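The values are calculated or read from the model by the stated rules, or taken from the named source; none is laboratory data. These numbers come from a predicted model, not from an experiment. Neighbour counts run over all protein chains shown; Cβ positions are idealised from the backbone, glycine included.
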Amino acid sequence: MKPFDVYPLFEIELVKSRDCWIWDKDGKKYLDFYGGHAVISIGHTHPHYVKKIKQQLENIAFYSNSVKIRQQEELSQKLGELSGYNDYDLFLCNSGAEANENALKLSSFHNGRKKIIAFEKSFHGRTSLAVAATNDASIQAPVNNLHEIAFLPLNNEAALAKALTNDVCAVIIEGIQGVAGIQTPSDDFLKLIRKKCDETGTLLILDEVQSGYGRTGMFFAHQYANIRPDMITIAKGMGNGFPVAGLLIAPHIKAKYGMLGTTFGGGYLACAAAIAVLDVIKEEKLIGNAANMGSYLVEKIKKMDGVKEVRGKGLMIGVEMHFNTSALRNDLVFKHQIFTGSASNKNTVRLLPPLTITKAEADHFLKGFTPALKPYL
Ligand code: PLP
């Protein structure tokens, strides 16, 4: 047997990681400005994280959700406190797609409706309804096209006002669109969605899978707009690489046995990882660091030749060039030993480093990025 060939791969075998750095089997060291797709929040192999998971592994690694798992309560309490959503409930699952699938399903249970509003260039995952709400026909199989989804242009208030009627089940929107190449909904647009959802009995789901957990300089990106969604989905940075995801649910949405469920979601190890992440984010003040380091990088990158636009907030940065950046990203890896991310907008490089980066590491990136651009100018 061999792995199913669904990804284009870099021919690199990684064997070690520490904080913002990763090493391949030949001992070559790379700066990680990608975080394995925005997943590494507190830095690779953080000692507190390793200790917490190891300790939990030695006590009990798994039991199903048929018993009380104290760690789920500790995680809910710490997440509520740090995110400002103390009064919400938490449902735990395993991936971003699953979190969105459950949020959409729960919305439909709640108001009995079927229609979903999503946005152009959105990405919400690859399960049935999540991929249907993803604006990319190339990753949807015929079986995914059974849902009623309307894709609206981002930040178009007139289109929203027209489409958001009394029969819409939910609006799902990313805090900042990631896969699209870092596109931000305006504060006014988010406020309008909130208002229209309230008027029509529609639920508002904020997909913070990529933009959440402090990455943008706030715990959640939508908090810049000062709105409160009905549900917030989380994954990626939540477990710093351990598969864990979740769904924050507003108090007016009531739970009923059987509505949602999972075998692995909220297991002891996932909770240990997620608790360790929150401890470190708080202790090391990583949200502030993301804001500061993000501003520093954006300021410097904006002044570089060949850069068309720099978008984003905190350490969720899109650098759009005047050319297709796939060769540039290859050069960054193989000539300058820096990992960055791609986007569906091929001219955009995504920067999604761990929230722990220092000024020295930001400078190391800038020192590699400047000469890497030269051949393309
Ligand atoms: N939502 C957003 C905004 C994402 O960026 C992603 C993954 O990139 C997902 C959902 C899906 O997450 P997962 O790959 O964990 O299913």
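Can you report the number of residues in region 195-225 which are over 21 Å from the mean Cα position of the chain (by Cα), within 22 Å of Asn102 (Cα to Cα) and not small (Gly, Ala, Ser)?
Selection size over region 195-225: 4.
In contact with a Gly (Cβ under 7 Å, 6 or more places away or on another chain), in a helix (DSSP H, G or I), within 28 Å of Ile53 (Cβ to Cβ) and not assigned by TED's automatic domain parsing to the domain that holds His110, is that true of Ala290?
Taking the combined requirement at face value, the residue satisfies it.
For Thr233, only one of the following conditions fails: (1) part of a strand (DSSP E or B); (2) crowded, with 24+ Cβ neighbours inside 10 Å; (3) in contact with a Ser or Thr (Cβ under 7 Å, 6 or more places away or on another chain). What is its number?
(3)
Enumerate the strands (runs of 3 or more DSSP E) found wholly within region 1-79, keeping only those where 1 or more residues are under 18 Å from Phe365 (Cα atoms), acidic (Asp, Glu) and within 24 Å of the chain's Cα centre (by Cα).
So the answer is 29-32.
Here is a check on your reading of the model: is Arg228 assigned to a loop (DSSP other than H, G, I, E, B), over 21 Å from His252 (Cα atoms) and either within 11 Å of the ligand (Cβ to nearest atom) or within 19 Å of the chain's Cα centre (by Cα) (or both)?
no
Looking for something touching a strand residue (DSSP E or B) at 6+ places or on another chain (Cβ under 9 Å) and hydroxyl-bearing (Ser, Thr, Tyr) - is there at least one such residue anywhere in region 321-337?
Checked against the condition, which is being touching a strand residue (DSSP E or B) at 6+ places or on another chain (Cβ under 9 Å) and hydroxyl-bearing (Ser, Thr, Tyr), region 321-337 yields at least one hit.
Any chance you could count how many residues in region 167-192 are under 21 Å from Ile234 (Cα atoms), away from the ligand (no atom under 16 Å from the Cβ) and in contact with a Ser or Thr (Cβ under 9 Å, 6 or more places away or on another chain)?
Matching residues across region 167-192 total 1.
I need a count of the residues in region 248-275 that are out of contact with any Cys (no Cβ under 7 Å at 6 or more places or on another chain) and within 15 Å of the ligand (Cβ to nearest atom).
5
Between a first residue in region 202-219 that is touching a residue at least 60 places away in the same chain (Cβ under 8 Å) and surrounded by 24 or more Cβ atoms within 10 Å (Cβ to Cβ) and a second residue that is acidic (Asp, Glu) and in a loop (DSSP other than H, G, I, E, B), which pairs have beta carbons less than 6 Å apart while being 6 or more apart in sequence or on different chains?
Taking only residues 6 or more apart or on different chains, the pairs are Leu203/Asp230.
Given the structure, is Ala150 aliphatic (A, V, I, L, M), in the same structural domain as Thr134 (by TED's automatic domain parsing), away from the ligand (no atom under 11 Å from the Cβ) and surrounded by fewer than 17 Cβ atoms within 10 Å (Cβ to Cβ)?
yes
Let's see how each residue does on (1) surrounded by fewer than 19 Cβ atoms within 10 Å (Cβ to Cβ); (2) free of Cβ contacts under 8 Å to residues at least 12 places away in the same chain; (3) farther than 15 Å from Tyr34 by Cα; (4) β-branched (Val, Ile, Thr):
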site: Ala276; (1), (2), (3), (4): no, no, yes, no
site: Ile287; (1), (2), (3), (4): no, no, yes, yes
site: Met316; (1), (2), (3), (4): no, no, no, no
site: Asn324; (1), (2), (3), (4): yes, no, yes, no
site: Phe339; (1), (2), (3), (4): no, no, no, no
site: Leu351; (1), (2), (3), (4): no, no, no, no
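If the requirement is being more than 15 Å from Gly212 (Cα to Cα), part of a loop (DSSP other than H, G, I, E, B) and modelled with pLDDT of 95 or more, which of these qualifies: Ala272, Ala255?
Unique residue meeting the criteria: Ala255.
Conditions: (1) touching a residue at least 40 places away in the same chain (Cβ under 8 Å); (2) part of a helix (DSSP H, G or I); (3) more than 19 Å from Leu204 (Cβ to Cβ). Asn102 meets all but one. Number of the miss?
(3)
Every residue in region 80-94 that is part of a loop (DSSP other than H, G, I, E, B) and within 17 Å of Tyr268 (Cβ to Cβ), please.
Residue satisfying the conditions is Asn94 alone.
Return the total of residues in region 123-149 being within 19 Å of Leu206 (Cβ to Cβ) and in a loop (DSSP other than H, G, I, E, B).
7
For region 58-111, name all the residues that are small (Gly, Ala, Ser) and either within 16 Å of the ligand (Cβ to nearest atom) or more than 27 Å from Lys285 (Cβ to Cβ) (or both).
The answer is Ala61, Ser64, Ser66, Ser95, Gly96, Ala97, Ala99, Ala103, Ser107, Ser108.
Quick check on Gly258: is it surrounded by fewer than 17 Cβ atoms within 10 Å (Cβ to Cβ) and without any contact (Cβ under 8 Å) to a residue 24 or more places away in the chain?
yes
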